[in-house]
1. Considering only segment 76-115, state which residues are within 15 Å of Ser7 (Cα to Cα), open to solvent by 10 Å² or more (accessible area, probe 1.4 Å) and touching a helix residue (DSSP H, G or I) at 6+ places or on another chain (Cβ under 7 Å).
2. Out of all the residues in segment 27-41, which are at pLDDT below 95 and of a type outside the set (S, T, N, Q)?
3. Mind listing whichever residues of segment 47-75 are outside any strand (DSSP E or B) and open to solvent by 40 Å² or more (accessible area, probe 1.4 Å)?
4. Of everything in segment 28-41 that's outside any strand (DSSP E or B) and open to solvent by 30 Å² or more (accessible area, probe 1.4 Å), which residue is farthest from Asn96 (Cα to Cα)?
5. Looking at Gln44, is it part of a loop (DSSP other than H, G, I, E, B) and farther than 18 Å from Gly108 by Cβ?
Amino acid sequence: QVQLVESGGGLVQPGGSLRLSCAASGIMFSIYVVGWYRQAPGRQRELVAKITSGSSSYYADSVKGRFTISRDNAKNTVYLQMNSLKPEDTAVYYCNAYRTINDYWGKGTLVTVSS
């Protein structure tokens, strides 16, 4: 059974940092493209960042220079380091792993940026 489990969300003040983790089980995580998506209330889910099996990365314009995605294949885990957080970063953050016809999602972790 494939599982993706996100962790690391919480409440942080503007300008603060959080590191999200996505731990996978049941798949060879290293061969998957892994993305972090987010969905704010009343808005569509959007791609925040993704990392390929070769560790190439992509970022949405809204997070470039503030967020960093990385992976530790030995731990079957992908991270999202989020710095200089803004209130507009508030959302549920989801981890996604896909490869060809296989597409898996975690249940999400809530990030709230507020003073």
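The values are calculated or read from the model by the stated rules, or taken from the named source; none is laboratory data. None of these values were measured; they are calculated from a predicted model. Cβ atoms come from the backbone with ideal geometry, glycine included; neighbour counts cover every protein chain shown. What goes into the accessible areas is simple: the full protein's heavy atoms, side chains included, and nothing from ligands, DNA or RNA. Shrake-Rupley method; radii C 1.70, N 1.55, O 1.52, S 1.80 Å.
1. Asn76
2. Result: Ile27, Met28, Phe29, Ile31, Pro41.
3. Thr52, Ser53, Gly54, Ser55, Ser56, Asp61, Ser62, Lys64, Gly65, Asn73, Ala74, Lys75
4. Pro41
5. For Gln44, the condition - part of a loop (DSSP other than H, G, I, E, B) and farther than 18 Å from Gly108 by Cβ - is not met.
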